[in-house]
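Read the structure below first, then the notes.
Every number here is computed from the coordinates shown, using simple stated rules; none is lab data. Not measured: the values here are computed from a predicted model. With ideal geometry, Cβ positions are generated from the backbone for all residues, glycine too; neighbour counts draw on all protein chains shown.
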Amino acid sequence: MNKILRILILGVMVNLPVYAHAFVSNGDFESGDLSGYFVQEDFADVPSSAVVKVIDDGTGNHVGEISGGFTFHNVLVSTLGRDLGTLPPFAKNILFDFKMFDVGPDPQGNGSFPDVFTASLQTDSGDITHIVDSTTIANTVGNPAHTQLTLLSNGFYSVKTDISFLQNAKNSKLFFDLLDDDDARLSKVLVDNVSVTSGGSSTAPEPSGLVLYSAGAVALFWFNRKKFMLNV
């Protein structure tokens, strides 16, 4: 009887869902600063920047903000970057949210963005040069096959990119670039929830899963302890 119960308990524990492991710290910018990130202007590293920073979005949530346009900045490319080092062997997806909007009149009158936002991953084993390209957001053919874009209710796009073919790649860097079209018009991009995951169902177990796992562990301990005491 004890053997049957132990098999059942092990079955419950083994069949619990596999949860995603988040590899990126401060991916939600809730430290209130850019710890873990670097900033570049026109591809030159800068210690601080007026056009790349962390802001409160008005709801108590922090996001990375990249500004571009209005040539008094004298910046044509504003970059928020992340050095990921060697990608872990479990790496399956890069996830992040972004929202692009303009803060000035549209001289073209058609709602398009003259400035361009791109996200890319570079490694020593290969690159994904355009995880996102704002000029092709509305064109699913123009987006890489390994990237999924989902428009959220708050105006953000949720991005999920398959990077499993780059597992263990070294010298990996993630770049968020806003390219100014030199049109005296200001655009902004908000970036949030940056992570590298194993592709499981969640970054944290659900309470019900924790209860099942804990119950199974306690039951196994009890059976083993009882067997030990009987054998003493």
Potential lengthening between S153 and Q122 on full extension [0.36 nm per residue; Cα-Cα distance subtracted]: 8.1 nm
Put a dot 7 Å past each Cα toward the Cβ at D33 and T136; how far apart are the dots in nm? 3.8
Obtain the nm distance between the two label points defined at F165 and D56 by a simple spin-label model: each point lies 7 Å from its Cα along the Cα-to-C-beta direction. 4.4
Under the rule of at least 5 residues apart or a separate chain, name every residue whose amide H is placed under 5 Å from the amide H of I137. none
Would you tally the net charge around T161, using a Cβ to Cβ cut-off of less than 13 Å, leaving T161 out, and scoring K and R as +1, D and E as -1? -2
